[in-house]
Each structure stands twice: as C-alpha cells, then as structure tokens.
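**Q** Handing you a structure now.
The values are calculated or read from the model by the stated rules, or taken from the named source; none is laboratory data. Quick caveat, the model's predicted, so the values are computed rather than measured. Cβ placement follows ideal geometry from the backbone for every residue including glycine, while neighbour counts extend to all protein chains displayed. Accessible surface is based on the protein model in full, side chains and every heavy atom, while ligands, DNA and RNA are left aside. Shrake-Rupley method; radii C 1.70, N 1.55, O 1.52, S 1.80 Å.
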Amino acid sequence: MSAIQRWLDRFCYKHPRFGIPNLMLVIVVGNVLVWLMDQFSYGVSLSALLAFSPYYILHGQIWRIITFVFVPLDSNLFFLAVSLYFYYMIGSVLEREWGTAKFNVFYGLGILLNVVVGFLLYAVTAPLYPSHLLPLLTTASMTYVNLSLFFAFATLYPNMQVLLFFIIPIKIKWLAWIDAALFGWSVLSSLFGVFTSGLAALPGVIIPLVAILNYFIFFWDNFLQLFGRVKYQTSRQTVNFKKATKQAQQQKGYIHKCAVCGKTDTDYPNEEFRYCSKCNGYYCYCSEHIHNHVHIQ
C-alpha cells in the first residue's frame, strides 16, 4: 500500500496538469441536468439510460461505464441539492489542498474500483436471477465514491464544524466515525451472513471494502500511524526535533521554511508549517505543500 501511495504521489507531482480542473463542478452540473431531464421527460428516464448496468454494457452500451457518475442518488430535490452542495464543497476543498492531478486520481480511482466491483457483483449475483431481470441489475453507483470522498475530507480536516440538520454544530470527525461505524456494521453483518446463508452473502463483505480502496491507498500511512505500526515518535529525527529548531532559529533567523516554495515563518507569521514524518530528514512544508510534495528519501 505504501509503495502504491508513493508512486501515486510522484505521478501527481510530475503531472500537475493531469485531470479535469473543477471536477466536482462538472459532476454536480451533470447530476442537475440529468435530474431535470428526468423530471421533464415522459416515458423515458435518462437516469435509466445512463445507470451502470453490466448487462447493457456487455451488449454494447459502453458509455454506462462513465455516465453512471451523473445519475442522481436522490429523486427528492431538497435532499439532492443538499448532498450535491456538500460534496461539491468538500471536493473543491480537497482539490485546492491536493491539486487537480491528485484529486482527479483519487476520484478516478474510486470510480474505477466501483466499476470493477460492479462487474464482480454482477458475475456473482447474475445466476441467481432469471434472464429477463438481468438488465435491471445496476450493480454500481456513486455511493461508495462519495463515501471515500467524505472520509478523505474528514481525515484532513477532522475538527471542521458543520451544522447537522442545519441546527446542531458537530465536528466532521464525529460524522465520519458514525459513517465508519455504519459501514463496519454493514460489512460485519454480511460476514456473519456468510456463515448462516453461505457464499451468497460474500459480496456484501468484498464489495464495500474494494469500493473504497482508493481511500485506504491514499491514507495508508495514516492508518499505520494510528495503530502504532510506524515508530515515528521514537525515531531519531523526532527526538532531536527541538534541538534542530533551536539551531535553525539561531543560525538562519527563522525556524520553519517550506522545502518547496521557500516560505518562512518570519516572512509569513500566520502561515502554518509542518514537518513531514515520511521524508528522510528535517523537511518542513507550508500548508499548501504539506500534502502535495514528493517525499524525500
């Protein structure tokens, strides 16, 4: 996982223009247009023509591999507007934090994994249905892609507050923990179902985990730190941190300097600087580059 994460970081650093700028705006506008077409079309649902259906894809309707990202997840205008605004907000923040390339890779990888999962689920469940019902099986949606997007945002900005039901202030991290608990319970319930109902319940275990694998890939090192598998706190560079900062202030006139853009805490006193624990040495980065740089080995 760590090797994949580093490779993706290097790719995004070397190709900063890769991807579609303002990708979430494109996704939101597409959802709105499809919803409007559904409301004003009679007898033909545009969502049905764009939804992910392995049966139709295997029979030539290749566009469904991509167009399912524009299918609204809710037909109610109010809930659709709230969800689209929320995901547009967090997606835009992540793109500013990571850059266009890294955000597009994260989102695109999520879509790709859900396509793979959709075909896998179809292969497992198709024998259980009569042939005339196979075209109705839509085995992939944007649910898990949006979930991975939310988990990524909550990991980077855990203390940001939002208004739950537009009234109750709550930190993003608590909402993420609730979603993670529900997600875990769903997986565990399916796992228990394997022992009681047989392999028919196995997709309920595999599908969700694979579908948000992009989140685990991009934040693998965070999990290692969380569970204490990486001993950064006892490394020599951590133990000597205070000594190094004191020497830097005495010799250079500043404590923190971004290794990418050269900003210092003297020139930018309100800037937030962090040291990267994955770089080999005392390499500091400003808030713009702490999550957008190639790790120095």
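**Q** Over region 1-225, what percent of the accessible surface lies on carbon and sulfur atoms, probe 1.4 Å?
**A** 72 percent
**Q** Which listed residue (Val82, His59, Phe70) has the Cα farthest towards the positive end of the charge dipole for region 17-122, taking +1 on Lys and Arg C-beta and -1 on Asp and Glu C-beta about the Cα centre?
**A** About the Cα centre, the residue reaching furthest to the positive side is His59.
**Q** Same structure again: Rounded to whole Å and sorted largest first, what semi-axes of the equivalent ellipsoid does the C-alpha gyration tensor of region 1-155 yield via the square root of 5 times each eigenvalue?
**A** Its equivalent ellipsoid spans semi-axes of 29, 21, 13 Å.
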